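Accompanying notes for the structure given below.
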There are 2 protein chains.
Amino acid sequence: MLKLFYAPSTCSLATHIALIEAGADYSLVRLSFASDDQRKADYLAINPKARVPALVTEQGVLTETPALLAYVAQRFPAARLAPFDDPFALARVQAFNSYLCSTLHVAHAHRMRGYRWADEPEAIAAMRRKVPESVSGCFDAVERELSGPWVMGDAYTICDPYLFTLAQWLEADGVDPARFPRVLAHRRRCAERPAVQRALAEESGAG
Amino acid sequence: MLKLFYAPSTCSLATHIALIEAGADYSLVRLSFASDDQRKADYLAINPKARVPALVTEQGVLTETPALLAYVAQRFPAARLAPFDDPFALARVQAFNSYLCSTLHVAHAHRMRGYRWADEPEAIAAMRRKVPESVSGCFDAVERELSGPWVMGDAYTICDPYLFTLAQWLEADGVDPARFPRVLAHRRRCAERPAVQRALAEESGAG
C-alpha cells in the first residue's frame with residue numbers, strides 16, 4: 001500500500017487527490033508544519049529535504065509533486081490521468097506541472113518562506129509585498145492556457161488537481177481572483193469532484 | 001526536425017546535450033539575453049513566458065526543462081535516456097530533475113533575477129548575498145544522492161546533462177566546489193562526453 005506524508009494546506013493535496021482519482025490503495029500520515037514535524041528526525045529519515053509530499057512505495061520513497069503525479073498516473077493507467085502513450089501530449093502535461101512547481105509555487109513561497117532566499121527581515125518583508133504581483137503574473141500565464149473544462153482540454157489529467165491545489169491560495173496571496181475567470185471556473189469545477197471532496201475531508205480530519 | 005531556442009550559459013544547455021545524446025535531428029536558434037531577445041515579439045509568439053529553452057516540434061512548441069528532457073528521452077527510446085518502462089525508476093529520474101528545476105535553479109536565480117520576487121534594490125542585494133549558502137544547501141542534497149558514476153547509478157540518464165548544466169554555475173554563485181567532491185567528479189565525467197563537448201562548442205559559436 002502507498003503511504004502519503006502530507007501537511008494540510010500544502011501542495012501535497014495534489015498528490016492526495018490524484019491517488020483517489022486513480023483508485024489507489026493508500027494511507028495518510030499527517031505532518032504539522034506548526035510543530036515543525038517536517039524537520040524531526042523520523043521524517044528526515046523519510047525525506048531529508050524536510051518537505052512534503054513524500055510517497056512511500058513498495059520500492060522506496062518518492063518526492064517532488066510533478067514526479068509523484070506522473071508516478072500515480074503511470075502506475076494506475078486505467079484512470080487515464082496522463083497520456084503516457086503520446087510523447088508530445090505527455091510533455092505538455094509535464095510542462096504545465098513543471099511551471100506550477102518551479103514558477104507559480106515558487107512565487108507563492110516568497111510570502112511565507114522568504115527566509116530561504118534572504119536573511120534580513122526587511123528583505124523578507126519586501127518579498128512578501130511583491131507576492132500579489134508575482135503570483136498574479138503566473139496566473140496570467142495559466143489563464144492564457146486554459147480553454148477547455150480541464151487544463152488539457154476535455155481530458156481530466158494530473159494537471160487539474162495540481163492547479164486546483166495552488167489556486168486555493170489565491171486569496172491569501174492577495175490576488176484578486178476575479179482577474180482569472182477561467183482559473184476560478186476550473187477551481188469550482190474541481191471542487192465538485194468526489195475525489196477532491198474526499199481529499200479535503202480527509203485532510204480536515206472529517207474524513 | 002526539432003528546433004531548440006536556447007541562450008548561452010543557461011539551463012537550455014541540458015536539453016541541447018540531451019538532443020545530441022539521443023541522436024536527434026535538430027537545429028538551434030540562439031537568443032541573446034543581453035539584447036533581451038527573449039522579450040521580443042517574435043520570441044514571445046513562440047514562448048509567451050519569455051524564457052528558454054523552447055523546443056519547436058512537428059506538433060507544436062514545448063517548454064520547461066524537465067518536460068523537454070523527458071520528451072527527448074521518450075521520443076528517442078533507443079538512446080535509453082530514461083526508464084519509461086519502470087514507473088518507480090522514472091519517478092526517481094523525474095524527482096531529481098524537478099528538484100533541480102524548482103529548488104536548485106531557483107536558489108541560483110536569486111543572484112541575477114531577484115527582481116522577480118522583490119522591487120527594492122536592498123532586498124535584491126540581500127537575496128544575492130544568500131545565494132552561496134542557499135545554493136550550497138541544494139548541492140548538499142545532490143551530493144548526498146550521488147553514488148554511482150551517473151546520477152541514477154550505472155545508467156546515464158536525462159538527470160546527468162541537467163546536473164552538469166547547473167553545476168557549471170557553482171563558482172559564479174560563490175560556492176566552494178571542493179565541498180562537493182561527487183558533484184565535481186560528475187561534472188568532469190560529463191565534460192568528457194562527446195555530446196557535451198559538441199553542445200558546448202555549438203553554443204560557443206565554434207561548432
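The values are calculated or read from the model by the stated rules, or taken from the named source; none is laboratory data. Values in this document were obtained by computation on a predicted structure and should not be read as measured data. When we count neighbours, we look across all protein chains shown, and the Cβ atoms used for this are built from the backbone with ideal geometry, even at glycine. These accessible areas exclude ligands, DNA and RNA; they are computed on the full protein's heavy atoms, side chains included. Shrake-Rupley method; radii C 1.70, N 1.55, O 1.52, S 1.80 Å.
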Fraction of antiparallel bridges per DSSP, the protein assembly as shown only, in percent to nearest 5 | 60
Compactness check, the range B:3-96: C-alpha Rg relative to the 2.2 N^0.38 Å globular estimate gives 1.12
Mind grabbing the interface size between A and B? I mean buried accessible area, both sides, 1.4 Å probe, in Å² to the nearest hundred.
-> 3700
Using a 1.4 Å probe over the heavy atoms of the protein chains, calculate the carbon and sulfur portion of the accessible area of the range B:87-193 as a whole percent.
-> 52
Could you pull out every residue, at least 5 positions away or on a different chain, whose amide H is within less than 5 Å of the one on B:Thr157? Hs are placed 1.01 Å off N in the peptide plane, and Pro or chain starts have none.
-> B:Val151, B:Met152
Looking only at other chains, what is the average number of their beta-carbon atoms within 10 angstrom of each beta-carbon in A:123-136?
-> 4
Write down the Kirkwood hydrodynamic radius of the range B:142-207, to one decimal in angstroms, obtained as one divided by the mean of 1/r over all alpha carbon pairs.
-> 12.5
Ordering B:Arg75, A:Arg144, B:Arg198 by the accessible surface of their heavy atoms, 1.4 Å probe, largest first, yields A:Arg144, B:Arg198, B:Arg75
Among A:Glu192, B:Glu64, B:Glu120, A:Glu133, what's the order by accessible area (1.4 angstrom probe), most exposed first?
-> A:Glu192, A:Glu133, B:Glu120, B:Glu64
Along its principal axes, what span do the Cα atoms of the range A:87-193 show, with the longest given first and each in whole Å?
-> 47, 31, 22
Given pairs A:Lys3/A:Lys49; A:Lys49/B:Lys40; A:Lys130/B:Lys130; A:Lys40/B:Lys130; A:Lys130/B:Lys49 and cut-off 28 Å on Cα-Cα distance, the over-length ones are A:Lys49/B:Lys40
MRE, 222 nm, helices only [DSSP H, n ≥ 4, -39500 (n - 2.57), over the protein assembly as shown, to nearest 500] | -15000 deg cm²/dmol
Got a number for the accessible area of B:Asp173? Probe 1.4 Å, square angstrom, nearest 10.
-> 10
Points 7 angstrom from Cα along the Cβ direction at A:Glu58 and A:Arg144: gap in nanometres?
-> 4.5
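Is there a simple number for the mean count of other chain Cβ atoms within 10 Å of the Cβ of residues in B:97-110, and what is it?
Per residue, the number of nearby Cβ atoms from other chains is 5 on average.
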Given the alpha-carbon gyration tensor of the protein assembly as shown, what are the semi-axes of its equivalent ellipsoid in whole angstrom, ordered largest first, with each equal to the square root of 5 times an eigenvalue?
-> 30, 25, 23
Find the percent of Cα-Cα distances in chain B that exceed 26 Å, and round it to a whole number.
-> 34
Largest first, how would B:Lys40, B:Lys130 line up by accessible area (1.4 Å probe)?
-> B:Lys40, B:Lys130
For chain A, dividing by residue count, accessible area per residue (probe 1.4 Å) in Å² works out to 40
